[in-house]
Structure formats: structure tokens, C-alpha cells
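In what follows, a structure is listed as C-alpha cells, so that the remarks can point back to it.
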Amino acid sequence: MSSSVRLNAETIAALEADTQSLLGEALAAATALLAIQGIDSERIIEEVRRFSVAAPSWALGTGATRFGRFPGAGEPRTIEEKLDDVATLNALTGANRTVSLHVPWDEVDDPHALSQYAETLGLAFDAMNSNTFQDNPSTTDDGALTYKFGSLASASESVRAAAVEHNLHVIELGAQLGSNALSIWIADGTNHPGQASFRRQFDRVADCLRQIHAGLPDDWLLFTEHKPYEPAFYSTVVSDWGSSLLLAEAAGPRARCLVDLGHHLPGTNVEQVVSRLAMTGRLGGFHFNDSKYGDDDLTVGSTRPFQLFLVILELLEHGGGSMPALAYMIDQSNNLKDPIEDLVQATDAIQHALALALIVDRSALMAAQEADDAALASEILHAAARADVRALVAEARRRNGAAIDPITTFRRSGYRAAVTAERGSGHVATGL
């Protein structure tokens, strides 16, 4: 990446010279107001400062729908350019210190060189993502080997073997990059009643996951990810958290369940799903996004911010007052926004939800719950959810050398125009 467009603490401070004093005033006011309520602002700032959520490589480019894709200017052409964009994102937020790759979209020729390049940018690699919902590059020209009717659940032994081999390859690649987890989402299911046996499909997936689990390095975890529908619309093998839990238990002791906010039917109580999986000890990771109708992959917190707040509250409960050591990733698809701005807004939403959830008086909430005082419990939650924590979040970012106002600073930096001049336009960075 050209040094002329590289963002760091020094360039950000220069771009935000006019906002430093304003933050000081806002922070003093917010801290004083919270102190009256007995809330330690410093604890909140430090917890937000500590938190990091992985950026997915595919979100650095424009997403797509079934009807079309409209690429933006200056999208990354290579994995290295994706890392450049994540480094810029992290410079702005201070909270995107890892990147999650998707294979074969992000097939790596020289893992050692890529790992070294990431290190120079201050980045590391989070969970790897396998892909058996599109045909593997090894598919033969005559269509003899295809995932058209499933991958790990396929009736074809050779297709299942190819899917297992792909996942083992992703593990091997990830180990060379310094990752320590594999996330598996499969599209397997049926579109027509009677098309396949529910039980046989499930058993085949369980058997394949056991094989993949056996190939994990000693310090790795395997994540199973559920989704109720799409692209299979009659039945999906891993359709809900119960199916994901059963498969994790069948796979082995280092298998965990991954929760994607958008992978639930409308009306599902996602925070309760988080609680149930945490109780079993099988909660392993979380994909943040938002939705209005289904798996919309909208910007985190853009549609249901209160749900995000409640989910974070459950995670804090699981972590004893701090965010537990899980695999966190933003999983959204931007079709209209600048990809970096979209990821900035998502990260900011998570940081704010975390700060708000930390304000909740958990002892008072428990007392209200045990007294069956629903009104008081609601008051305690809403008192926290309505607080103004913008100055605390901005201070957490500032302490990380990041931006007080990330969107404004990004636009002032001229980064998008600079990389557009270097990269051009019209690239496909997502694999879709």
C-alpha cells in the first residue's frame, strides 16, 4: 500500500486536531453524569478499548443480490489489498485487529509471506471460513463432482470426501497463517418434500464433522453455524441452534456453535439462543449483522439496536461482566455504502452496545428479577440503553490511537480516492 494513503495514529490525530478539545469537554460531562449514578466510566472505557471484532475479507468489496451487483470504486483486487483496507479500518476504530478469510475466495499462494505482510500492518488472522456452497475448483468439467445436491450431507461418498478434503485444506492453510479456528456453514438441505432423508443427511454431516474435527491442530476449534433457510427452502440440515448443538456434540470436544444474528426466523429470541448455548459450554463465536426480513446482512445495529444491546448483555453475563473470549466477526454485505464506511459503522455500533450493556446494574437487575418486578427490571434495562456513551466510546478509540469520529476522518483522509487511483474500479472482491 502506498504510504501516501496509509492511516496511523499520527495522521488521524492531525486530521482530528479540531475535535480533540471537544472530546475532552464531552467526556468530562459524561463521566460526571455517570458518576452520580455510581457508574465507573473508566471501567467502561477500558472494556471497550480491549474489545476487538474481526473484519471479514469479503466485506471489503461490494455485495450482491440474486438480481445484480454494482461494484464500487477502488475495491481490493488481491488479498494484500484487502488487508490494506482492514488496516485502514482498524486505524479508524482501534477494534478490528484481525481478519477472517474465506477459501477458495481467498486462496493463498504463499501463506508465510501473507502472514508477514499482515504482521507489518498490525493484523492477525481470525477463524478461517470454508466454502462448500459453491462448487469447489476441483469440480470436473463433466459435472461428475458437484455440490449441487449438497456437500457434507450429499448422498455421494465422493462429494462428501471432496467437501471434507476442502475443509482440511482450509485448516492447513489457516495453521500456516496463525489462525486457530475453522468456521463451517453448509447450504445443504432440500428444496422439495421427499427429496432426501432428514435423518440420513444429518448423520452424514455429523460423520463428516467428526473427520474434520480429527484433523484439527491441538489448539484449534471448529464452529458449526446454523441458518433456517436459503438456498435450501424446504429443509436445511443445520437449521437452528439445536441442530448446531447436536452436531457440535457429535463432532468432538473442540467443536462449538457459532451464532449469526441474521440466521434466525423473524421473531426468534436471539439473546435467549446465546444464553442457552453459553449454558452448555458450546458457545464459540458470534457473527454480527442486522436484518429486517431474513438473512439480510444489514449494517450491525442499523435496524434492531435494542436487540444488539440485549445480545451483548447476555455475552457479558456469560463472561462474568466482561466480553468472553469468543470468536467475534462482522458478517454483513454492503450493496450501497462504501465498504470501509459500512464496517466502521458496524464496529461503532458494537462498541456503543457494549458500553451501554456495561452500564446495566446487574445486581439490581437480578434483584428485580428474583422479586418478579417486571416494571423495575425494564426500567433498569432502559435506563442503560438510553444513556449517552458516545464520549466514552470515542475516548476508548482515542486511547487506541484510533479516530474520535471515524467516518468524518475517513472522508477527510482521501483514502478512497487514493486507492481508486491505484486500483481502478469494477473488481469482484467477494467471490459472489
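All of the numbers you see were taken from the coordinates with simple rules; none came from a lab. For clarity, every value in this text was computed on a predicted model and none was experimentally measured. All Cβ positions, even for glycine, are placed from backbone atoms using ideal geometry, and neighbour counts span all protein chains on display.
Pairs of Cα atoms nearer than 8 Å and 6+ residues apart set the relative contact order; for the chain it is 24 percent. Give me the percent relative contact order of the range 252-319, please, defined on Cα pairs under 8 angstrom at least 6 residues apart. Averaging sequence separation for qualifying contacts and normalising by length gives 35 percent for the range 252-319.
The calculated P(r) of the range 34-123, using every Cα pair and 5 Å bins from 0, goes 3, 11, 19, 19, 15, 10, 8, 6, 5, 4, 1, 0 in percent. Under the classification rounded if a/c is under 1.5, otherwise prolate if a/b is larger than b/c and oblate if not, where does the range 123-272 fall, given a ≥ b ≥ c as square roots of the Cα gyration tensor eigenvalues? The shape class here is oblate.
Multiplying the residue separation of residue 22 and residue 157 by 0.36 nm and subtracting their alpha-carbon distance yields 42.2 nm. For the pair the range 1-79 / the range 255-326, the C-alpha centres are spaced 21 Å from each other. Taking other Cβ atoms within 10 Å as a rough exposure proxy, 292, 82 sort from fewest to most as 292, 82. Pairs of Lys residues in the chain are counted when their Cα atoms are under 23 angstrom apart and they lie 8 or more places apart or on different chains; the count is 4.
Based on the reciprocal of the average 1/r between different C-alpha atoms, the Kirkwood radius for the range 252-355 equals 13.9 Å. Across the options 291, 383, 241, the greatest Cα extent toward the positive end of the charge dipole of the chain (unit charges at beta carbon of Lys, Arg, Asp, Glu) belongs to 291. Applying a DSSP loop filter and a limit of 13 other Cβ atoms within 10 Å to the chymotrypsin sites (Phe, Trp or Tyr not before Pro) in the range 232-301 leaves 233, 234, 293.
Give the distance, in whole Å, between the Cα centre of the range 87-129 and the Cα centre of the range 383-426. If you average the Cα positions of each part, the centres end up 19 Å apart. Computed on the range 77-168, with alpha-carbon pairs under 8 angstrom and 6+ residues apart, the relative contact order is 22 percent.
Considering all C-alpha pairs of the range 170-233, those separated by over 13 Å amount to 68%.
Is the shape of the range 60-212 rounded, prolate or oblate, going by the alpha carbon gyration tensor and its root eigenvalues a ≥ b ≥ c, with a/c under 1.5 for rounded and a/b larger than b/c for prolate? Prolate is the answer for the range 60-212, as a/c is 1.5 or above and a/b outweighs b/c. Approximating the spin labels as points 7 Å out from Cα along Cα→Cβ, the residue 176-to-residue 249 distance works out to 3.8 nm. With viscosity 1.002 mPa s and temperature 20 °C, the Kirkwood radius over alpha carbon pairs of the range 305-432 converts through Stokes-Einstein to a diffusion coefficient of 124 µm²/s. Sorted on the mean count of surrounding Cβ atoms within 10 Å across their residues, most packed first, peptides 146-159, 405-418 read 146-159, 405-418.
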